[in-house]
1. Checking residue 66 against (1) surrounded by 13 or more Cβ atoms within 10 Å (Cβ to Cβ); (2) under 22 Å from residue 5 (Cβ atoms); (3) free of Cβ contacts under 8 Å to residues at least 24 places away in the same chain, only one condition comes out false. Which one?
2. Within the stretch 79-94, which residues are under 15 Å from residue 33 (Cα atoms) and out of contact with any helix residue (DSSP H, G or I) (no Cβ under 8 Å at 6 or more places or on another chain)?
3. Scan (1) touching a residue at least 24 places away in the same chain (Cβ under 8 Å); (2) under 21 Å from the mean Cα position of the chain (by Cα); (3) within 16 Å of the ligand (Cβ to nearest atom) for the single condition residue 35 breaks and write down its number.
4. With respect to the numbered conditions (1) over 13 Å from residue 104 (Cα atoms); (2) under 22 Å from the mean Cα position of the chain (by Cα); (3) away from the ligand (no atom under 16 Å from the Cβ), which one is the sole condition not fulfilled by residue 74?
Ligand SMILES: [Zn+2]
């Protein structure tokens with residue numbers, strides 16, 4: 001099977017870090033993983049530790065271009081991993097196969113998300129990423145607007161939100 005990412009290598013059957021079945025490209029080092037294989041492994045090894053002990057400099061390659069699934073030949077869909085990275089993973093929706101570019105698994109491990117490999121592709125996860133991103137954007141905006149007072153304003157906001165008569169307090173604050 002030809003690698004549809006680099007278009008130069010062959011995908012060879014193997015075991016992903018000795019854990020579950022995968023196909024690895026002989027040229028670019030990318031991996032194709034069937035989510036079913038991953039989930040079966042996870043079910044048998046619920047306590048497996050996929051975290052990294054020491055922070056390593058993760059260099060994950062980023063494919064921004066569209067990619068065809070090497071197995072089904074259909075277009076793969078890109079999914080965000082988290083709000084703090086632009087990095088996206090490719091999923092072949094018809095057969096639930098994930099393409100990991102070289103380094104992407106290390107990136108997931110570094111972020112503590114390796115055991116969430118299947119969850120990342122759920123609507124729930126993707127909604128979470130978008131919501132987190134929106135709140136980060138807002139946070140940024142307020143920080144610029146309120147400057148050095150922002151932390152105090154934020155702290156007072158949470159005090160205010162806990163007060164049943166907050167309308168009154170706001171009126172008091174705005175009165176001369
Ligand atoms: Zn390749």
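Bear in mind these aren't lab numbers, they're just calculated from the coordinates by the rules spelled out. Computed from a prediction, not measured in an experiment: that's the story for all the values here. Here the Cβ positions follow ideal geometry from the backbone for every residue, glycine too, while neighbour counts run over all protein chains shown.
1. With (1) surrounded by 13 or more Cβ atoms within 10 Å (Cβ to Cβ); (2) under 22 Å from residue 5 (Cβ atoms); (3) free of Cβ contacts under 8 Å to residues at least 24 places away in the same chain applied to residue 66, the lone miss is (1).
2. Those that are under 15 Å from residue 33 (Cα atoms) and out of contact with any helix residue (DSSP H, G or I) (no Cβ under 8 Å at 6 or more places or on another chain): 90, 92, 93, 94.
3. (3)
4. For residue 74, the exception is condition (2).
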